[in-house]
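The values are calculated or read from the model by the stated rules, or taken from the named source; none is laboratory data. In this text the structure is predicted, and so the values were computed from the model without any measurement. Methodologically, a virtual Cβ is constructed for each residue, glycine included, from the backbone with ideal geometry; neighbour enumeration extends over all protein chains shown. Ligands, DNA and RNA are stripped out before the accessible areas are found, and what is left, the full protein with its side chains, is counted by its heavy atoms. Shrake-Rupley method; radii C 1.70, N 1.55, O 1.52, S 1.80 Å.
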Amino acid sequence: ETQKKANEGDAEAMIKVGYWFQNGQYGFPESLKKAYCLFKKAADENNLDGLIWAGFYLLYTKGTERNESLAINFLTRAAGEGSDVGCFFIGRFHKEGRHGFPVSKKQ
């Protein structure tokens, strides 16, 4: 039923099925590529978990080619929507001066 919902465009179901592919659970074969595709679809629906997971995969080359600018876009959008994880990533990038962010202890 969850997979059916994911196929019908339910972003929360996409995240669940993405996790199952990521971890090879509940009879789903481990596939980072399929997990990324589902996370990306959820991100396209502005789902916070989708934005975080798709951003992470794009940044660290998991199941897809690296795309730093799209990853930062997703993570920044998630942070702007109040995601603690998104804020953590963006704050860390500022602290370390990574991915084009200036070093800033305040951010």
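Here are the numbers for the structure shown:
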| item | result |
| --- | --- |
| Residue-averaged 222 nm ellipticity for the chain, from DSSP H runs of 4+ at -39500 (n - 2.57), nearest 500 | -20000 deg cm²/dmol |
| Those trypsin sites (Lys or Arg not before Pro) in region 31-87 that DSSP places in a loop and that have at most 15 other beta carbons within 10 Å | Arg66 |
| ³J(HN,Hα), Karplus 6.51/-1.76/1.60, whole Hz, each residue of region 51-61, x for Gly, Pro | 4, 5, 5, 5, x, 4, 4, 5, 6, 10, 6 |
| Packing rank of 70-76, 1-7, where each peptide gets the mean count of other beta carbons within 10 Å, highest leading | 70-76, 1-7 |
| Carbon/sulfur fraction of accessible area - the chain, other protein chains in place, 1.4 Å, % | 48 |
| Tally of Lys pairs whose C-alpha atoms are under 18 Å apart, taken over the chain, 8 or more apart or cross-chain | 20 |
| Hull volume in cubic angstrom per residue (convex hull over the Cα atoms of region 1-70) | 66 |
| Gaussian network model of the chain, springs between alpha carbon atoms under 10 Å - residue of Gly86, Gly55, Gly63 with greatest fluctuation | Gly63 |
| Accessible area expressed per residue, region 63-102, with surrounding protein chains retained (probe 1.4 Å, Å²) | 56 |
